[in-house]
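Have a look at the structure below, then the notes.
What follows is calculated from the coordinates using simple rules that are stated; it is not laboratory data. Since we're looking at a predicted model, the values are computed, not measured. Using ideal geometry, Cβ is built from the backbone for each residue, glycine included, and neighbour counts are taken over all protein chains shown.
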Amino acid sequence: MLRQQTGTKDTWLILNKQTTEEDNLTTEKYWLYGLHSFQPALVLQFYARGMSRPQLLLTPGMSIEAELVYFQSNVPLRAIIKEPVTNNSLQDTYGLPGWQELVVAETGLSEKMPVRSERPYIVQQLTPVQHNMKWWLKDQRDQIMPLKNGFRNIWKLLSLSGGHPLDMALLGKEQEYEPLGVWHNGTYKLL
Amino acid sequence: MWNNIINTALLGTGKKQLTPADLPADLTPVAEKIMKDKSLDGETQFLHIAAVMLNYRQSGVNPVNNSGVPLQPAPAEERPYCTTQAIYALQDALDMDLLPLVTYWLEACHDKGQIVVPEYIPVLLDTAVSQKRIRHLAMTVCGKRGQWLSSMNADWQFPFAASNEDRWQTGSAEDRRQVLQEIRQSYPGMARDWLQQTWAQENISTRTEFLKIMRTNISEDDLPWLESLQEKNQKVKDEVWALLKQIPSSFIVQSYWQILQSAISRGPGQSLHISLQLPLDKRIIDSGIATLSNEKNISEEAYILFQLMGSVPPSWWESLFKADKEEVFTLFEKDDLGKRFIPALILAAGRFKDAAWLRLLLEKSTAFYPDVIPLLPAAEQEAYALRLFSNYPQDVINYLSNRTDEWGLEIASEVLRWMARNPYQYTRNFFDKHVLQLPPVITEELEKLAPEEPAYQATWRNTSEHIRRLLSCKVQINKAFK
């Protein structure tokens with residue numbers, strides 16, 4: 001039983017939540033990031049239409065003190081939360097300095113598990129810029145990576161950035177990333 | 001390279017095969033190893049190569065060395081951000097999808113000299129796309145960042161002029177209407193000057209609309225310009241007449257008074273002498289005095305007198321008869337024909353904004369005159385409306401609906417009590433539209449206003465709950481911008 005194993009205790013930032021519905025089944029994906037362990041985690045909750053919502057309610061934009069147990073994997077991502085948890089507001093964390101560090105990390109993961117899904121990263125000081133008629137994110141070294149096609153909150157992102165760099169929490173893999181949230185004036189704002 | 005793989009998969013390995021030469025040099029050793037393994041059939045070899053190629057591609061991702069087109073950073077803001085409390089209130093109003101509350105929030109924020117936080121700019125600008133009336137307000141509240149952001153999105157490019165004069169000279173029709181109304185309220189002379197300057201370029205529709213706006217704060221000062229206008233279009237002419245008829249010193253009102261003085265005089269004691277021989281001239285008819293009445297039991301001449309009486313200041317009768325208001329009233333009331341002219345006195349009191357005459361007339365009236373009561377102070381208006389509510393519920397509710405300020409508790413209670421018994425006519429929709437007029441203290445009374453009929457009680461409970469939610473958001477906005 002996963003819950004009986006020892007997990008990773010940390011302060012986990014809840015970067016964002018994505019909800020999808022298919023055939024009357026609702027899936028909630030919570031993207032988490034360990035403040036001290038620098039590890040991402042994905043917590044899933046499922047419920048069917050008509051069912052009452054599950055008890056564990058995570059608030060995107062906040063952080064929790066909790067112990068997470070990862071499902072077995074070469075590149076652990078999915079996890080469950082061992083109760084109980086305490087809620088705090090979301091704090092600052094160290095992100096990767098730029099895209100170079102991120103692609104190196106991605107290559108490392110691909111080495112261990114070539115076929116996998118997207119995962120969260122935190123990258124410092126990114127600025128939205130235009131290139132070839134699309135929006136990209138530029139890091140401190142003037143290197144750019146494309147924003148995922150169909151990213152719906154571009155205007156909110158631009159408004160928060162105002163053309164200035166911001167630390168961002170991103171979700172993606174390979175060559176497409178979408179921001180989950182940004183740190184703006186010291187506060188984490190969801191996108 | 002990857003397209004090559006896709007094409008091979010689509011065509012089938014029978015028609016097209018991969019060779020090591022097709023792949024990047026790095027992968028040649030691996031590819032050769034796979035192709036040499038004869039225990040694998042063509043398709044499996046292809047899949048192995050594709051798998052290796054996939055990971056090669058994934059692992060080889062690099063960011064692009066290009067700084068892109070830099071964005072000119074947004075200029076710094078000049079005004080402070082609103083509080084977090086204010087943001088919660090805004091989110092509530094947006095969640096309830098209530099334009100009146102969102103507008104109320106925007107006005108409160110603007111009046112306090114604050115701006116909204118950046119993450120709410122897109123949603124406010126989007127709202128302004130479909131709601132023209134709040135565009136100027138929304139742009140102001142979105143500050144410098146809003147202007148910066150909207151320059152990048154064609155949908156948000158509302159022409160935004162900073163000064164009132166700019167808005168008048170270069171704004172949209174709606175903008176010009178709004179600014180003229182604002183200026184006419186505080187600086188009526190300036191509004192007239194502006195209109196005079198652009199008059200020749202205005203079309204029929206704008207001339208008509210703007211003349212209507214001139215009704216606010218109409219005065220003698222407007223007379224020279226109005227009397228100089230030579231309009232050809234009937235609609236515009238009608239508006240000019242409507243304005244002239246509100247200025248006592250205008251030639252037309254003076255003409256009316258000439259006729260009335262010769263027709264109505266004071267007889268001995270408390271009697272009135274009314275002559276129906278009326279010397280009319282063309283200008284009287286042109287000014288909108290009708291000669292045919294649709295009422296059966298009044299003669300043409302009496303009908304004309306009625307209209308003339310409604311078009312001169314009621315206080316003039318006091319000097320003519322050398323009597324005070326009460327006596328003048330009694331003189332008309334005691335006369336068989338005269339008493340039928342009393343409603344005309346009410347119209348006249350409204351037209352010439354004589355609150356004292358109005359007070360007297362409405363006190364004695366058993367009919368409801370919604371058009372004139374705005375002249376009285378709010379408390380008196382409500383007392384009058386309350387007195388007549390049971391006989392004219394719909395009319396009173398219509399009058400209340402047109403007021404922009406909050407209703408007093410007493411009248412609000414009466415009205416809601418009545419609405420609770422008419423749930424099909426007064427649904428949540430009505431309360432959504434009139435949230436700004438409902439006094440927050442009414443939430444404590446809602447239970448007491450419940451209808452007696454059991455069939456309506458459940459509905460009233462739901463409606464009350466909804467009203468509480470609306471008012472709670474309004475109170476939040478008030479507190480946030482105190």
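With just the Cα atoms defining each centre, how far is the stretch B:228-295 from the stretch B:99-149? Give it in Å.
Using only Cα atoms, the two centres lie 48 Å from each other.
Roughly how large, in nm² to one decimal, is the mean projection of the convex hull of the alpha-carbon atoms in the stretch B:333-481?
10.7 nm²
Provide A:I64, B:I121, B:I274 in ascending order of the number of other Cβ atoms located within 10 Å of each residue's Cβ, fewest first.
Ordered by Cβ neighbours within 10 Å, fewest first: B:I274, A:I64, B:I121.
In a shell of Cβ-Cβ distance under 14 Å around B:Y187, excluding B:Y187 itself, what net charge do Lys and Arg (+1) and Asp and Glu (-1) give?
Once positives and negatives cancel, what remains is -3.
Work out Dmax and Rg for the stretch B:155-246 from the C-alpha atoms and quote the Rg first, both in angstrom.
Reported Rg and Dmax, both Å: 13.4, 45.
When only Cα pairs under 8 Å and 6 or more residues apart are kept, what is the percent relative contact order across the stretch B:1-133?
Computed over the stretch B:1-133, the figure is 17 percent.
Grab the Cα-Cα distance for B:F430 and B:K482, subtract it from 0.36 nm times how many residues apart they are, and report the gain in nm with one decimal.
Fully extending the segment from B:F430 to B:K482 adds 16.0 nm.
Taking 0.36 nm per intervening residue step and subtracting the Cα-Cα distance, what contour gain separates B:I6 from B:Q230 on full extension?
72.7 nm
Going by C-beta contacts inside 10 Å, put B:L292, B:L446, B:L320 in order with the fewest on the left.
So the ranking, lowest neighbour count to highest, is B:L292, B:L320, B:L446.
Which shape class applies to the stretch B:252-301: rounded if a/c is under 1.5, otherwise prolate when a/b exceeds b/c and oblate if not, where a ≥ b ≥ c are the square roots of the Cα gyration tensor eigenvalues?
Since a/c reaches 1.5 but b/c is at least a/b, the shape of the stretch B:252-301 is classed as oblate.
How far is it, in nm, from the label point at B:Q72 to the one at B:A450 when both lie 7 Å from their Cα along the line to the Cβ?
Placing both labels 7 Å beyond Cα along the Cβ direction yields 6.3 nm.
Counting only GluC sites (Glu not before Pro) that sit in a DSSP loop (anything but H, G, I, E, B) with at most 10 other Cβ atoms within 10 Å, what is the longest stretch of chain B containing none of them?
B:79-294
Could you give me D for the protein assembly as shown, from Stokes-Einstein at 10 °C and 1.306 mPa s, where the hydrodynamic radius is the Kirkwood radius over C-alpha pairs? Units µm² s⁻¹, please.
Reported coefficient: 49 µm²/s.
As an exercise, use a Förster radius of 41 Å and the Cβ-Cβ distance of B:D286 and B:A378 to find the FRET efficiency, rounded to the nearest 0.05.
Efficiency, from the Cβ-Cβ distance: 0.60.
Counting only other chains, what is the mean number of Cβ atoms within 10 angstrom of the Cβ of each residue in peptide B:117-124?
Average per residue, whole number: 6.
Quick check: the distance between the Cα centres of the stretch B:52-76 and the stretch A:101-166, to the nearest angstrom?
Distance between centres, Cα-based: 7 Å.
Measure off 7 Å from each Cα along the Cα-to-Cβ vector at B:N422 and B:E202, then give the distance between these two points in nanometres to one decimal.
3.8 nm
How charged is the neighbourhood of A:W31? Take every other residue with its Cβ under 12 Å from the Cβ of A:W31, and add Lys/Arg as +1 and Asp/Glu as -1.
+1
Which percent of Cα-Cα pairs in chain A sits in each 5 Å bin, short to long?
Distribution as computed: 1, 7, 16, 19, 20, 17, 12, 6, 2, 0, 0 percent.
Once the other residues with Cβ under 11 Å from the Cβ of B:A378 are scored (Lys, Arg +1; Asp, Glu -1), what is the net sum?
Computed value for this residue: -3.
Which FRET efficiency, nearest 0.05, do A:H164 and B:K38 yield, Cβ-Cβ r, R0 60 Å?
The calculated FRET efficiency here is 0.50.
Going down the table (B:K16/B:K38; B:K245/B:K334; B:K212/B:K479; B:K132/B:K212), which pairs top 26 Å between alpha carbons?
Over 26 Å Cα-Cα: B:K245/B:K334; B:K212/B:K479.
So for chain B, averaging the separation of alpha carbon pairs under 8 Å that are six or more residues apart and normalising by length, what relative contact order in percent results?
Result for chain B is 10 percent.
Under the rule a/c < 1.5 gives rounded, and otherwise a/b versus b/c splits prolate from oblate, where does the stretch A:81-179 land using the Cα gyration tensor?
Here the stretch A:81-179 falls in the oblate category.
Treat each spin label as a single point 7 Å out from the Cα along the C-beta direction, and report the B:L409 to B:T13 distance in nm.
The two pseudo-label positions are separated by 8.7 nm.
By a straight-distance test (C-alpha under 14 Å), which aspartates and glutamates pair with B:K433 as possible cross-link partners, with residues fewer than eight away in the same chain excluded?
B:D97, B:D405, B:E406
Mind running the shape call on the stretch A:130-182? Use the C-alpha gyration tensor, a ≥ b ≥ c as the square roots of the eigenvalues: rounded below 1.5 for a/c, prolate if a/b tops b/c, oblate otherwise.
rounded
Under 29 Å Cα-Cα from A:K134, which lysines qualify once same-chain neighbours fewer than 8 residues away are excluded?
By straight Cα distance, A:K134 reaches A:K17, A:K29, A:K148, A:K156, A:K173, A:K189, B:K144.
Taking all pairs of different Cα atoms in chain B, averaging 1/r and flipping that mean, what Kirkwood radius in angstroms comes out?
Every distinct Cα pair counted, the radius reaches 29.3 Å.
Name the lysines eligible as straight-distance cross-link partners of B:K296: C-alpha to C-alpha under 18 Å, and not fewer than 8 places from it in the same chain.
B:K339
I need the calculated FRET efficiency for the pair A:L57 and A:Q125, taking r as the beta carbon distance and R₀ as 30 Å, to the nearest 0.05.
The value I calculate is 0.40.
Taking each residue in A:120-128, count the Cβ atoms of any other chain within 10 Å of its Cβ, then average. What number comes out?
Taking all residues of A:120-128 together, the mean is 1.
Can you work out the PRE-style zone for A:D142? Point 7 Å along Cα to Cβ, and I want the residues of the stretch B:50-85 with backbone N under 15 Å.
Backbone N within reach: B:64-71.
Students often check this: by mean Cβ neighbours within 10 Å, which of B:470-480, B:15-25, B:53-63 ranks highest, and how do the rest follow?
Going from most to least packed, we get B:470-480, B:53-63, B:15-25.
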